[in-house]
Amino acid sequence: MNNKSVEDLMECSSEVHFSGFHIDGLEERKAGTEEPTTSAFDEYKQPFVIGVAGGSASGKTAVCDMIIQQLHDQRVVLVNQDSFYHNLTEEELKRVQEYNFDHPEAFDTERLVSVLDKLKHSQAVDIPKYDFKGYKNDVFPARRVNPADVIILEGILVFHDPRVRALMNMKIFVDTDADVRLARRIKRDTADNARNIEAVLDQYSKFVKPAFDDFILPTKKYADIIIPRGGDNHVAIDLIVQHIRTKLGQHDLCKIYPNLYVIQSTFQIRGMHTLIRDSQTKKHDFVFYADRLIRLVVEHGLGHLPFTEKQVFTPTGSVYSGVDFCKRLCGVSIIRSGESMENALRACCKGIKIGKILIHREGDNGQQLIYEKLPNDISDRHVLLLDPILGTGNSAVQAISLLLKKGVPESNIIFLNLI
């Protein structure tokens, strides 16, 4: 973790009250993966982009409408791939009945990628309105679309181009039986578009079905979620909306670092923060409320330890199915600030072993391990690394590196920190 990334983390965590890093994958990051920079933080402040694909008349629009309806308290925009059909040339217009509108080359994918990329970077865009009678996208005024919290991209081939897929946070494939799709298409085109049934069936057999088999169905493998029966599947829609709401409510840092957990702020927590930050607070009050905050961090960290199921008998003779605590556990405090968290850990874990690490810092970059006293069997234990104050992050990185050298698996290290 370099200085710049830590400074960025501190800047973006101005509203964070508590955090705990579950150290997992540190070696891979140190081995060459570039640390997130300021631009990475900006990226994760971008809107949540959902791609909805599926065959013609599979129920994509119904799924999108139901998602938008349930996200009524969020800013949601719907972008249709149909808006990005190419203008037909004079030669193509003469033989429009032979033109395959279900082929990937029928769409202006370059323009679609540009529009989606701008929306994802919170820029307003103009989306064309395609004229399906004149087969032009410049007849009607473009639709102005402003940035939103959620962007839904709907179309038969939105998963076909890897550049479009890369811009999506969630990919949904609406899977509906072919007979149902054909029946819906016949009803839609004859009733709404005033086409005769022979022309509809001819187009379906020539273009729609082959394009589905060749181009649309193969993209099903890219989907994160497959919805059978389309808009009739209310359970699937509810689960999708619940997941979207979770992602929208997630702290920006947690989106960047999936192994970071932030305790949700409450008025009680903010009240304690107010007291310990108040220059007029007495020393004993500062210590009291700081200990309370530290206790919350420790309790939250313990909640991420593994457990085993256990059944016990209650005093009334009933069987209670519960869990058993992790037995192989120890704490390691980074001297000197880390020692302020030891009492809270001892209060939660009776008789817990606590090791010590002292790191001497010279400026912002220099650090030198001066002293370490750790349990001999620390490689077999889960470790709660204690350091309430995060400055440059150098001491924490040095301490974690030491634990790794001692044989502690990355997944067994939980870094407890109060920012």
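No value in this document is a laboratory result; all are computed from the given coordinates. Because the structure is a prediction, the values reported are computed rather than measured. Cβ: placed from backbone, ideal geometry, glycine included. Neighbour counts: every protein chain shown.
Between amide H atoms placed 1.01 Å from N, distances below 5 Å from Ile419 occur with Ser19, all of them 5 or more places distant or on a separate chain. Please give the helix 60-70 orientation as an angle from the longest Cα principal axis of the chain, in degrees from 0 to 90, rounded to the nearest 10. Once rounded, the angle reads 40 degrees.
Label-to-label distance, Asp380 versus Ala194, with points set 7 angstrom from Cα along the beta-carbon direction: 8.3 nm. Among beta bridges identified by DSSP and lying wholly in the chain, the antiparallel ones come to about 45 percent. Going down the list Lys133/Lys171; Lys310/Lys350; Lys118/Lys206; Lys129/Lys209; Lys327/Lys356; Lys133/Lys209, which pairs span over 28 Å between their C-alpha atoms? As for pairs spanning more than 28 Å Cα to Cα, those are Lys133/Lys171; Lys118/Lys206. When only Cα pairs below 8 angstrom with a gap of at least 6 residues are kept, the chain shows a relative contact order of 22 percent. Stretching the chain fully between Arg245 and Asp214 yields a gain of 7.7 nm (0.36 nm per residue, less the alpha carbon separation). Once Cα Rg over 2.2 N^0.38 Å is worked out from the coordinates, which option in (i) 1.20; (ii) 0.99; (iii) 1.30 does it equal? Correct label, based on the coordinates given: (iii).
Looking at the range 48-250, send over the antiparallel percent of its DSSP beta bridges, to the nearest 5.
20
FRET efficiency for the pair Glu98 and Thr308, taken as 1/(1 + (r/R0)^6) with r the Cβ-Cβ distance and R0 = 51 Å, rounds to 0.15. Between the residues Asn259, Ser333, His234, the greatest Cα displacement towards the positive end of the dipole of the chain, with unit charges on the Cβ of Lys, Arg, Asp and Glu, is found for Ser333.
With helices as the sole contributors, the chain gives -10000 deg cm²/dmol at 222 nm; each DSSP H run of n ≥ 4 counts as -39500 (n - 2.57), and the sum is divided by every residue. You can think of it this way: the chain between Gln268 and Phe132 has 43.1 nm of extra reach, that is 0.36 nm per residue less the Cα-Cα gap.
Would you mind getting me the FRET efficiency between His121 and Cys254? Use the beta-carbon distance for r and R0 = 25 Å, nearest 0.05. So the FRET efficiency works out to roughly 0.75. Restricting the count to DSSP beta bridges whose residues both fall in the range 285-419, what percent are antiparallel, rounded to a multiple of 5? Around 45 percent of the beta bridges assigned by DSSP in the range 285-419 are antiparallel ones.
With the contact rule set at Cα under 8 Å and sequence spacing of 6 or more, what percent relative contact order holds for the range 307-419?
Worked out over the range 307-419, it gives 24 percent.
One chain, two ends: Ser411 and Arg75. Fully extended at 0.36 nm per residue, the span grows by 117.2 nm beyond their Cα-Cα distance. Relative contact order, whole percent, for the range 214-331 stands at 11, derived from Cα pairs under 8 Å and 6 or more residues apart.
For Gly55, the residues 5 or more places off, or on other chains, whose built amide H falls under 5 Å of its own are Thr176.
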